[in-house]
Amino acid sequence: MLQKPRGTRDFLPDEMEKRRYIEGIMRETSRRWGYREVCTPEFEELELFTIRSGEGIIQEMYVFEDKGGRKLALRPELTAPVLRLYVNEGRSLPKPLRWCYFSDCFRYERPQKGRYRQFWQFGVELIGADTAMSDAEPVMLAGDILKNTGLTFDLHVGHLSFVKKLLEGVDPAMQRTIRMCLDKKDFPALEDLLETNGLPELRESLIALVESRSLAEAFEITGDIPEKSRIEEVFSILDTSGIPYTLNTGIARGLDYYTGIVFEAFAENLGAENQIMGGGTYRLAHLFGGEDTPSSGFAIGFDRVMVALGEVPAGKDLIVGLVIAPGSREWALLVARAFRDAGIRAETDLSGKGIGAQIAQVSRHADFAVIIGAREAECRMVTLKDLGSGEQNEMTVDEAVTEVKRCGACR
RNA sequence: GCCAGGGUAGGGUAGUUGGUCAUCCUAGGGGACUGUGGAUCCCCCGACCCGGGUUCGAGUCUCGGCCCUGGCCCCA
């Protein structure tokens with residue numbers, strides 16, 4: 001038997017309804033902040049993804065050549081495509097641009113809990129603004145979205161300038177290695193690293209910085225830095241907004257295009273892959289042929305959010321099953337139309353069996369049976385049977401629709 | 001790429017020191033049943049992950065692969 005490719009998943013209706021419900025919360029929250037949806041191609045020129053990350057990431061992407069010999073890749077993320085879109089089409093739009101997206105991405109990696117080869121990201125990009133407010137907005141929006149999904153999470157916010165200041169003058173490759181240790185809070189490895197590279201004097205200040213829990217503490221360690229007042233303003237906005245967050249000056253965020261604010265969110269019960277969101281301020285547009293443009297954004301690992309949420313009480317549809325006697329089909333179709341026009345999910349019998357068998361069938365999943373037999377068809381009525389209580393009455397279609405809607409409203 | 005534990009109908013399971021036609025539950029389909037309930041009864045469908053090896057004989061032992069679940073690495 002054919003199987004789905006490794007690291008991919010099928011979704012049955014029950015699960016799709018939950019996913020759409022949560023997705024809807026994310027979309028609606030973004031809409032309320034003024035973020036409008038964009039969509040980019042499922043695949044892009046390979047170069048779009050290697051241009052800043054190097055050839056190394058090719059082995060973790062789905063790369064292929066089309067019939068015209070073009071080197072293409074299934075998108076492994078969405079920030080680069082969205083910025084490419086901005087450079088191609090968005091430069092003459094009034095700034096700032098507030099964009100969001102919800103799309104699938106592909107990475108050729110070893111699957112594990114919360115990590116799949118096809119996965120969905122919900123993200124936003126705020127392009128063309130460079131103020132404390134524009135630094136803070138995506139952080140606040142990310143917190144708002146995650147909160148509205150009902151998730152329990154920790155939001156960590158940091159700024160790259162602190163660590164950069166302490167590592168001034170250190171070889172860039174070494175800086176990255178050090179930042180990775182800080183990100184993981186792997187202090188033994190950090191000590192080793194500093195020791196063997198003749199930088200032992202950094203040990204105390206770096207560890208103190210990462211452990212610091214207030215801006216004042218952090219600035220005490222780094223001394224004055226040019227971005228100080230901007231950073232203070234951003235965090236003061238976050239404080240004023242009431243969003244719960246933790247200062248974390250150790251956040252490294254994988255690659256180097258982040259410029260200032262960086263933030264991440266973590267959920268429980270996710271095992272090793274517990275990061276559900278990451279973002280920051282960055283500069284990318286110039287790499288894709290645009291002007292140097294300040295931007296800021298984040299992406300949420302949608303599948304991880306779904307895993308972390310566990311059971312989601314997806315709103316159950318109220319279901320009406322139409323029980324149709326032979327000869328009443330014409331009237332039944334009109335009745336079905338009336339229910340559907342009223343927004344009610346109505347399913348007609350397909351078996352052609354007897355009334356009793358149809359009711360038995362319908363009662364397995366529907367809330368109401370609408371019985372349309374010869375008697376009802378003749379006088380243009382229906383019999384509405386509440387499958388919960390067993391009560392049934394003959395009435396007009398309008399009355400039946402009203403009655404079902406009334407029940408739907410009070411559930 | 002590495003490590004650990006797994007893989008028997010759609011789901012869940014039994015299978016002895018290797019020995020009929022592989023157990024049971026559930027789900028699914030059909031019927032008993034042409035004006036009223038999810039029941040019951042009957043019938044049907046449906047599996048040893050794949051391949052080599054040992055053996056008279058492999059679901060069982062052995063090796064390799066694939067896949068699943070976690071973890072490491074990485075994580076744009």
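Where a number appears in this text, it was derived from the coordinates with a stated rule and is not lab data. Note that this is a predicted model, so its numbers are computed, not measured. For neighbour counting, all protein chains shown are included, and Cβ atoms are generated from backbone atoms with ideal geometry for every residue, glycine included.
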- Note on the structure: A:R213 and A:N197 label points (each 7 Å along its Cα→Cβ direction) are spaced in nm at 3.0
- Backbone N within segment A:101-118 under 15 Å of label point (7 Å from A:R32 Cα along the Cβ vector): none
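Net charge near A:R115: determine it from the other residues with C-beta under 10 Å of the C-beta of A:R115, scoring Lys and Arg +1 and Asp and Glu -1.
+2
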- Expected sort for A:373-385, A:9-21 on mean C-beta neighbours within 10 Å, highest first, is A:373-385, A:9-21
- Message: Principal axis extents for segment A:304-411, Cα atoms only, whole Å, descending order, please.
- Response: 54, 27, 25
- Query: Rounded to the nearest 20 Debye, what is the dipole magnitude of segment A:319-409 about its Cα centre when Lys and Arg each give +1 and Asp and Glu each give -1 at the C-beta?
  - Reply: 260
- In whole Hz, what ³J(HN,Hα) sequence does segment A:384-395 give by Karplus (6.51, -1.76, 1.60; θ = phi - 60°), x for Gly and Pro? 9, 10, 7, 6, x, 9, x, 5, 8, 8, 8, 7
- What is the mean projected area of the alpha carbon convex hull for chain A, to one decimal in square nanometres? 27.6
- Query: Roughly what angle does helix A:329-341 make with the longest principal axis of chain A, taking Cα atoms, 0 to 90 degrees, to the nearest 10?
  - Reply: 30
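By how many nm would the segment from A:Y62 to A:E17 grow when fully extended, if each residue of separation counts as 0.36 nm and the alpha-carbon distance is taken off?
Working: separation 45, 0.36 × 45 = 16.20 nm, distance 2.87 nm.
Net length gain for the segment: 13.3 nm.
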- Query: Residue separation times 0.36 nm, minus the C-alpha to C-alpha distance between A:Q118 and A:A173: what's the value?
  - Reply: 16.7 nm
- aspartates and glutamates with Cα under 18 Å of A:K405, excluding same-chain neighbours fewer than 8 positions away: A:D317, A:D341, A:E347, A:D367, A:D386, A:E391, A:E394
- Query: Of A:K316/A:K353; A:K113/A:K228; A:K71/A:K165; A:K113/A:K316; A:K4/A:K316; A:K18/A:K385, which sit over 31 Å apart, Cα to Cα?
  - Reply: A:K113/A:K228; A:K71/A:K165
- Nearest-ten-degree value, helix A:132-148 long axis tilted from longest Cα axis of chain A: 40
- May I ask for the Rg/Rh ratio of segment A:14-131, computed from Cα atoms with Rh as the Kirkwood radius, given to two decimals? 1.00
- A:F153 neighbourhood, Cβ < 13 Å, K/R = +1, D/E = -1, net charge -2
- Item | Potential extension, A:R6-A:R110 segment - 0.36 nm per residue separation minus Cα distance | 36.5 nm
- Tilt, helix A:172-184 to longest principal axis of chain A (alpha-carbon atoms), in degrees rounded to tens, equals 50
